[in-house]
1. Calculate, in whole percent, how much of the Cα-Cα pair population of region 1-74 lies beyond 19 Å.
2. Quick one: go through region 10-48 and flag any residue whose amide nitrogen is under 14 Å from the point 7 Å out along the Cα-to-Cβ line of His73.
3. Between Ser33 and Leu1, how many nm apart are label points set 7 Å from Cα along the C-beta direction?
Amino acid sequence: LHLMHNPLQRFPAVLVELTRLEVLNLGYTELRSLPESVERLTSLGTLNLAGNELADLPTSMCRLSALEGLDLHENPMAELMRDRHAFRFVVAFLAKYHKLASLRLWQRQESLLPVCVDKLVPSL
């Protein structure tokens, strides 16, 4: 489902009912947050959240076990990461999502991934 470049501003609640959805493109839709109910998208393999206003991601993202591609570039998710290494989070995220083949983070962006990521590999 490609909703890219539509000024949604909010995650459409009806989307979590599409439990067999495999691709969701919400790039550049002015989203400020994702609901915890995003975990209901159990078949989601590709999620594009590029170019939004996301400050963080819900912990429930850790339950999207089918996720293979996640695009987070151009989101202001850096403030809580200023004193951490982005590499730590990338490795932890990959460890959790063994199917994840693509994780895109903007070169100049530090990323805050779900809290569960930090718990997976706390010693990195």
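Please treat every number below as a calculation from the coordinates, not as lab data. This structure is a prediction, so every number in the text was calculated from the model and none was measured. When we count neighbours, we look across all protein chains shown, and the Cβ atoms used for this are built from the backbone with ideal geometry, even at glycine.
1. Details: 605 of 2701 pairs.
Summing the P(r) of region 1-74 above 19 Å gives 22 percent of all pairs.
2. So the set is 27-28, 48.
3. According to this spin-label approximation, the distance is 2.0 nm.
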